1. Can you tell me which residues in region 17-43 are assigned to a helix (DSSP H, G or I) and touching a residue at least 40 places away in the same chain (Cβ under 8 Å)?
2. Picking from LEU90, LEU150, which residue would you name as being under 30 Å from LYS74 (Cβ atoms) and either part of a helix (DSSP H, G or I) or touching a residue at least 24 places away in the same chain (Cβ under 8 Å) (or both)?
3. May I ask you to list the residues in region 61-88 that are among the aromatic types (Phe, Trp, Tyr) and either farther than 26 Å from VAL46 by Cα or in contact with a helix residue (DSSP H, G or I) (Cβ under 6 Å, 6 or more places away or on another chain) (or both)?
4. Examine region 65-81 for a residue that is farther than 18 Å from LYS39 by Cβ, at pLDDT below 95 and not in a helix (DSSP H, G or I), and state whether such a residue exists.
5. Tell me whether region 44-63 contains one or more residues that are over 22 Å from LEU2 (Cα atoms), assigned to a helix (DSSP H, G or I) and either at pLDDT 85 or above or of a type outside the set (Ser, Thr, Tyr) (or both).
Amino acid sequence: MLLELAAANAAFAVIKETLQNGGEIMSAGRAVVDWFNAKNSLQEKVQDKPPDQRSDLEEFFALEELNRQQQELKELFIYQGRPGLWDDWLTFQVKARQDREAKAAAETKARLQKKKKRDELLQNILLGFWIFVLLMVVSGMIVGAIWLSLKGKF
């Protein structure tokens, strides 16, 4: 969790430095995306952590720091960006999250399909093995019956 917070802080520092040096918010685009990814990563990590391993105070302050940065970022977008940039940024965030969730769902589906194919292959191999064993037993019985019937005639 600290790693994600450090990444968000670093990206936010790059954004602020770019703007202080006379750049536009657009020129810090990569840092804005890095901040967004670090923020989402931190939020997911907080949600995925088992309750017995959580540090409520640490999580609270990490999320509070991100909220403060987001508010400051909002002000930067509004005052130094073009009109409607913040709304477009929020729309981008929603779409990016939906894309990530769709990608994760597709990866899960692909893994499940791969596992299903592997299980089917294993079942087919086992079925083939038992059919082979059954054929050997039946063949052995037939050969044994023929051998016993021929042995009795000689």
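1. Our first condition is that a residue be assigned to a helix (DSSP H, G or I); within region 17-43, this holds for 17-20, 25-43.
Passing the criteria: LEU19, ILE25, MET26, VAL32, PHE36, ASN40, LEU42.
2. Working: LEU150 fails: under 30 Å from LYS74 (Cβ atoms).
Unique residue meeting the criteria: LEU90.
3. Step one: list which residues in region 61-88 are among the aromatic types (Phe, Trp, Tyr), which gives 61, 77, 79, 86.
If the condition is that a residue be among the aromatic types (Phe, Trp, Tyr) and either farther than 26 Å from VAL46 by Cα or in contact with a helix residue (DSSP H, G or I) (Cβ under 6 Å, 6 or more places away or on another chain) (or both), then PHE77, TYR79, TRP86 are the ones that fit.
4. Just the residues of region 65-81 that are farther than 18 Å from LYS39 by Cβ, to begin with: 78-81.
Next, only the ones that are at pLDDT below 95 stay: 78-81.
Cutting the leftovers down to not in a helix (DSSP H, G or I) gives us 81.
Yes, because at least one residue in region 65-81 is farther than 18 Å from LYS39 by Cβ, at pLDDT below 95 and not in a helix (DSSP H, G or I).
5. Of the residues in region 44-63, the ones over 22 Å from LEU2 (Cα atoms) are none.
Within region 44-63 (the criterion being over 22 Å from LEU2 (Cα atoms), assigned to a helix (DSSP H, G or I) and either at pLDDT 85 or above or of a type outside the set (Ser, Thr, Tyr) (or both)), the answer is no, since none of the residues qualifies.
For every residue, the table says whether it meets (1) closer than 26 Å to GLN98 by Cβ; (2) surrounded by fewer than 18 Cβ atoms within 10 Å (Cβ to Cβ).
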position	(1), (2)
LEU5	yes, no
ALA13	no, yes
ALA38	yes, no
SER41	yes, yes
LYS45	yes, yes
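The values are calculated or read from the model by the stated rules, or taken from the named source; none is laboratory data. Please read all numbers here as calculations on a predicted model, not as lab measurements. Note that we place each Cβ from the backbone using ideal geometry, even for glycine, and neighbour counts take in every protein chain shown.
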